[in-house]
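Colleague: Can you keep this structure in mind? I'll have questions shortly.
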Amino acid sequence: MPTARVVAVAPGSPADAAGLLPGDELLTLNGETVRDVIRYQIQADEPRVELELRRGGLERLVVIDKAAGASLGLDLESAVFDRVRTCDNHCPFCFIHQLPPGMRKSLSLKDDDYRLSFLYGNFTTLTRFTEADLERVITEQLSPLYVSIHATDPDVRTALLRNRRGATSLRWLSALLDEGIEVHGQVVVCPGINDGDVLDDTLLGVLDRFPRLATVGVVPLGVSDHTTEAEMRPHTIAEAERVVDLVEEWQARFLAVLGRRLVYAADEYYLLTGRPFPALDAYDGLSQHENGIGMAAEFGAEVQAATRGEQVDVQGTRTGFFAWVDGAPAEGYRAPRVGLGTPVHFRAPRQPITILTGDYGAQVLGPLVGDLEAVAGMPVEVRPVPNRFFGGNIAVTGLLTGADLVAALQDAPADRRYLLPDVTLSNGRFLDGLTPADLPRPVEIVATDGASLVEAVRA
Ligand code: SF4
């Protein structure tokens with residue numbers, strides 16, 4: 001039977017008043033064996049909650065009366081109390097198969113669970129989706145969901161997922177859209193496989209079969225030095241140009257037919273091709289911001305507005321699509337970037353400033369250095385830190401590791417301020433488990449948005 005372990009009880013909360021303790025295991029809520037935080041929240045919202053719990057091997061019943069919708073005040077160990085549904089695909093571009101040996105086990109979980117799609121925005125392929133799942137999504141209105149499409153041609157999708165259900169599982173996408181569920185799609189483009197004419201055909205397939213998709217993000221595959229897939233390689237510039245051209249052609253078609261752009265190319269494509277980013281309003285609400293789509297345009301706009309002293313409505317990281325679930329654990333998008341004890345932002349003495357970032361981040365920040373220097377009243381250097389840990393074409397700041405930063409800072413001058421975006425951290429740790437305290441120079445951790453960066457450099 002699935003159980004949910006309590007990891008924290010908010011002081012003064014109804015659960016605290018009822019005597020619940022960290023370590024308690026929830027067996028049922030209002031008589032229901034709850035399988036995940038979604039069901040937990042539905043039951044916990046009731047004004048009277050009967051909790052059957054186990055402590056030290058003994059079971060007991062606790063009844064809590066509170067206002068309807070008020071939080072119980074519990075933090076739970078995981079979002080899913082039965083097992084996370086893992087993926088049965090074998091995509092050649094899967095980044096989990098490209099991790100260096102020895103990484104934390106939790107980073108190698110291949111989930112393909114619509115619940116995590118709803119809770120955290122993880123993309124699901126729907127190859128393990130069932131009729132019962134569909135019924136639940138509709139009944140509980142689990143919307144929006146995020147679906148990996150990759151190709152609408154059944155054979156190409158099967159080959160990309162290396163799963164024969166890849167051919168048929170997009171029927172679930174039709175069913176979700178028919179029921180009014182908001183769905184955002186994604187195409188991971190592997191050059192030579194699903195780019196060019198195949199991508200063109202995929203976008204035609206979207207118009208033909210899935211025009212109710214809210215958005216489709218087109219993103220390039222990442223290839224680390226640890227891939228064992230001979231066919232997987234980074235885009236050439238010409239291939240990246242063709243992707244951007246196709247996406248922009250299809251945006252015009254979607255605009256004409258549906259009245260919205262629907263499809264968007266990842267920022268990485270504009271960096272690869274050296275083309276200017278589209279204007280911020282061409283991203284239509286930045287629904288795929290977390291997927292690296294519109295992030296650069298948003299960041300630039302934030303820096304420029306903040307340097308003019310304007311109030312900035314920061315997009316930043318979303319805290320999860322179910323952020324109001326008080327039981328949901330700190331994982332996925334909810335995980336705080338800085339942890340307890342992380343040396344967050346501190347005001348170092350007035351010294352020249354170095355901003356540490358990935359290769360792509362440096363390209364985004366380059367044109368903004370003049371604005372930042374004007375605010376700082378001193379030189380600002382942007383230092384791209386090569387990603388040697390993963391190697392390959394991995395250049396996003398979020399995948400920088402402690403080891404990369406140690407190498408970059410080893411011989412760096414001591415009389416500078418070093419600023420580091422918090423997107424490199426999860427719960428105060430880099431991907432390789434190191435922490436900012438392990439770096440050879442003190443670094444100031446700055447929230448990864450333009451307004452926070454301007455604030456950090458401000459003289
Ligand atoms: S569906 Fe996702 S997790 Fe599963 S193999 Fe493909 S890329 Fe990896």
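Colleague: Within the range 103-116, which residues are farther than 18 Å from TYR40 by Cβ and either open to solvent by less than 50 Å² (accessible area, probe 1.4 Å) or within 12 Å of the ligand (Cβ to nearest atom) (or both)?
Modeller: Those that are farther than 18 Å from TYR40 by Cβ and either open to solvent by less than 50 Å² (accessible area, probe 1.4 Å) or within 12 Å of the ligand (Cβ to nearest atom) (or both): MET103, LEU107, SER108, LEU109, LYS110, ASP111, ASP112.
Colleague: Is the range 91-100 home to any residue that is outside any helix (DSSP H, G or I), more than 16 Å from the ligand (Cβ to nearest atom) and either under 20 Å from ALA10 (Cβ atoms) or touching a helix residue (DSSP H, G or I) at 6+ places or on another chain (Cβ under 7 Å) (or both)? It would help to see each step written out before you state the result.
Modeller: In the first step, residues of the range 91-100 are kept if they are outside any helix (DSSP H, G or I); the result is 91-94, 99-100.
Adding the requirement that they be more than 16 Å from the ligand (Cβ to nearest atom) leaves 100.
With the extra rule that they be either under 20 Å from ALA10 (Cβ atoms) or touching a helix residue (DSSP H, G or I) at 6+ places or on another chain (Cβ under 7 Å) (or both), the set shrinks to none.
No, the range 91-100 contains no residue that is outside any helix (DSSP H, G or I), more than 16 Å from the ligand (Cβ to nearest atom) and either under 20 Å from ALA10 (Cβ atoms) or touching a helix residue (DSSP H, G or I) at 6+ places or on another chain (Cβ under 7 Å) (or both).
Colleague: Next question. Does any residue of the range 72-81 turn out to be among the aromatic types (Phe, Trp, Tyr), at negative phi and either away from the ligand (no atom under 16 Å from the Cβ) or in a loop (DSSP other than H, G, I, E, B) (or both)?
Modeller: Checking the range 72-81: at least one residue is among the aromatic types (Phe, Trp, Tyr), at negative phi and either away from the ligand (no atom under 16 Å from the Cβ) or in a loop (DSSP other than H, G, I, E, B) (or both).
Colleague: Which members of the range 274-298 meet the condition of being in contact with a helix residue (DSSP H, G or I) (Cβ under 8 Å, 6 or more places away or on another chain), open to solvent by less than 40 Å² (accessible area, probe 1.4 Å) and assigned to a loop (DSSP other than H, G, I, E, B)?
Modeller: Residues satisfying the conditions are PRO278, LEU286, GLY292, ILE293, GLY294.
Colleague: Determine which member of the set ILE394, ILE353 is open to solvent by 10 Å² or more (accessible area, probe 1.4 Å) and either out of contact with any Asp or Glu (no Cβ under 6 Å at 6 or more places or on another chain) or within 16 Å of ILE445 (Cα to Cα) (or both).
Modeller: ILE394
Colleague: Just to be sure I understand, how many residues within the range 206-248 are surrounded by fewer than 19 Cβ atoms within 10 Å (Cβ to Cβ), part of a loop (DSSP other than H, G, I, E, B) and free of Cβ contacts under 8 Å to residues at least 60 places away in the same chain?
Modeller: 5
Colleague: Output yes when any residue across the range 370-380 is touching an Asp or Glu at 6+ places or on another chain (Cβ under 7 Å), among the small types (Gly, Ala, Ser) and modelled with pLDDT under 95, and no when none is. Before the answer, list the steps.
Modeller: To start, the set of residues in the range 370-380 that are touching an Asp or Glu at 6+ places or on another chain (Cβ under 7 Å) comprises 379-380.
Now restrict to residues that are among the small types (Gly, Ala, Ser): none.
No, because not a single residue in the range 370-380 is touching an Asp or Glu at 6+ places or on another chain (Cβ under 7 Å), among the small types (Gly, Ala, Ser) and modelled with pLDDT under 95.
Colleague: Kindly provide the set of residues from the range 186-205 that are among the hydrophobic types (A, V, I, L, M, F, W, C), under 26 Å from the mean Cα position of the chain (by Cα) and part of a helix (DSSP H, G or I), ordered by number.
Modeller: LEU199, LEU203
Colleague: Further, regarding this structure: Out of the residues in the range 133-168 meeting the condition of being part of a helix (DSSP H, G or I) and of a type in the set (Asp, Glu), tell me which one is nearest to the chain's Cα centre (by Cα).
Modeller: So, considering only residues that are part of a helix (DSSP H, G or I) and of a type in the set (Asp, Glu), the one nearest to the chain's Cα centre (by Cα) is ASP133.
Colleague: If LEU119 satisfies every condition in (1) in a loop (DSSP other than H, G, I, E, B); (2) more than 16 Å from the ligand (Cβ to nearest atom); (3) open to solvent by less than 10 Å² (accessible area, probe 1.4 Å) but one, which is the exception?
Modeller: Checking LEU119 against (1) in a loop (DSSP other than H, G, I, E, B); (2) more than 16 Å from the ligand (Cβ to nearest atom); (3) open to solvent by less than 10 Å² (accessible area, probe 1.4 Å), the one that fails is (1).
Colleague: Six or more apart or on different chains, Cβ under 6 Å: which pairs go from a residue in the range 118-144 that's within 15 Å of VAL37 (Cβ to Cβ) to one that's assigned to a helix (DSSP H, G or I) and aliphatic (A, V, I, L, M)? Could you list them?
Modeller: From residues that are within 15 Å of VAL37 (Cβ to Cβ), the pairs are ASN122/LEU116.
Colleague: Being open to solvent by 30 Å² or more (accessible area, probe 1.4 Å), within 15 Å of the ligand (Cβ to nearest atom) and free of Cβ contacts under 8 Å to residues at least 24 places away in the same chain is the filter; apply it to the range 152-166 and report the residue that is farthest from PRO92 (Cα to Cα).
Modeller: ARG164
Colleague: Right, next: For the range 97-112, which positions are in contact with a Leu (Cβ under 9 Å, 6 or more places away or on another chain) and of a type outside the set (Gly, Ala, Ser)?
Modeller: LEU99, MET103, ARG104, LEU107, ASP112
Colleague: Let me ask something else about it. If you scan the range 175-184, which residues turn out to be open to solvent by less than 40 Å² (accessible area, probe 1.4 Å) and outside any strand (DSSP E or B)?
Modeller: ALA175, LEU176, LEU177, ILE181
Colleague: Within the range 122-146, which residues are within 23 Å of HIS90 (Cα to Cα) and either surrounded by fewer than 20 Cβ atoms within 10 Å (Cβ to Cβ) or within 12 Å of the ligand (Cβ to nearest atom) (or both)?
Modeller: Within the range 122-146, ASN122, PHE123, THR124, THR125, LEU126, THR127, ARG128, THR130, ASP133, TYR146 meet the criteria.
The values are calculated or read from the model by the stated rules, or taken from the named source; none is laboratory data. Computed from a predicted structure; not experimentally measured. Methodologically, a virtual Cβ is constructed for each residue, glycine included, from the backbone with ideal geometry; neighbour enumeration extends over all protein chains shown. Side chains are part of the model used for accessible areas, which takes the heavy atoms of the whole protein and leaves out ligands, DNA and RNA. Shrake-Rupley method; radii C 1.70, N 1.55, O 1.52, S 1.80 Å.
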